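To start, the structure itself, in structure tokens.
The values are calculated or read from the model by the stated rules, or taken from the named source; none is laboratory data. Keep in mind that what you see is a predicted model, and the values were worked out from it rather than measured. Here Cβ is always computed from backbone atoms with ideal geometry, including for glycine, and neighbour counts include all displayed protein chains.
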Amino acid sequence: MNLTQALLSFAVVAGLLTLVPGIDTALVLRAAVARSRTYAFAAALGITTGLMAWGIAAAVGVSALLAASELAYRILSMAGAAYMVWLGASLLWKSRTKGLAAEGPAAVELPASSGRQFLRGWLTGTGTNLLNPKVGVFYIATIPQFIPAGTSPLLMGVLLAGMHCVLGLVWLSALIVGTGFASKWLKGRRSVQIIDRITGTALVGFGVKLALEPRL
């Protein structure tokens, strides 16, 4: 298997994984509806930043520690679970307070400036992926299978994670743009409240599942 074949083969695996709805999709869709396009794209970039960090970590052996150490894996799992539950619970609480507020147009939450919007969105996306050890385990399990003989593991880790990032950005960008076309129907108070509840429930569910699920 040469370099081109390795990249194309990994692209198929990563592409299928990208299309499966999960926490990344939920976060970006909610950001596109209830925040802004800037925040949503920043969250998508944060998600891919987390992917790249895990890809490099897997290539240099950091993720191998998660695969070998039960304690390290559980510590990161519990931290990630707590973070996801906190995000989900916050959305559920916001949806409740919005429901108690007077009827009217939905108040879209925006930070004070576009720069702060971008930073908050990026930090949310990055933190979500960095605190999910399953991303690291996925890379440590797959990257070694796509390293051609004589190729630097670090280089392949960067290239394969980069391929995953590109696919993820394309998919998430398509979701953000598609949401923009439907914004007239999705940005009403009731729609935002429903989306917050769905996303919040999904995040809490992912967090609980991560905390209770045994190691891969």
Query raised in the report: What pairs can you find where one residue is in segment 9-34 and within 15 Å of Val204 (Cα to Cα) and assigned to a helix (DSSP H, G or I), the other is of a type in the set (Ser, Thr, Tyr) and modelled with pLDDT under 80, and their Cβ atoms are less than 6 Å apart, with a gap of 6+ or different chains?
Result: Ala26/Thr199; Arg30/Thr199
Query raised in the report: Do the conditions hold for Leu123, that is, is it under 21 Å from Ile75 (Cα atoms) and surrounded by fewer than 18 Cβ atoms within 10 Å (Cβ to Cβ)?
Result: yes
Query - Output for segment 17-32, where each listed residue is over 11 Å from the mean Cα position of the chain (by Cα) and either modelled with pLDDT under 80 or of a type outside the set (A, V, I, L, M) (or both) - result: Leu17, Leu19, Val20, Arg30
Report task. Taking Phe118 as the residue in question, decide whether it is modelled with pLDDT of 75 or more, assigned to a helix (DSSP H, G or I) and under 26 Å from Gly55 (Cβ atoms). Result -> yes
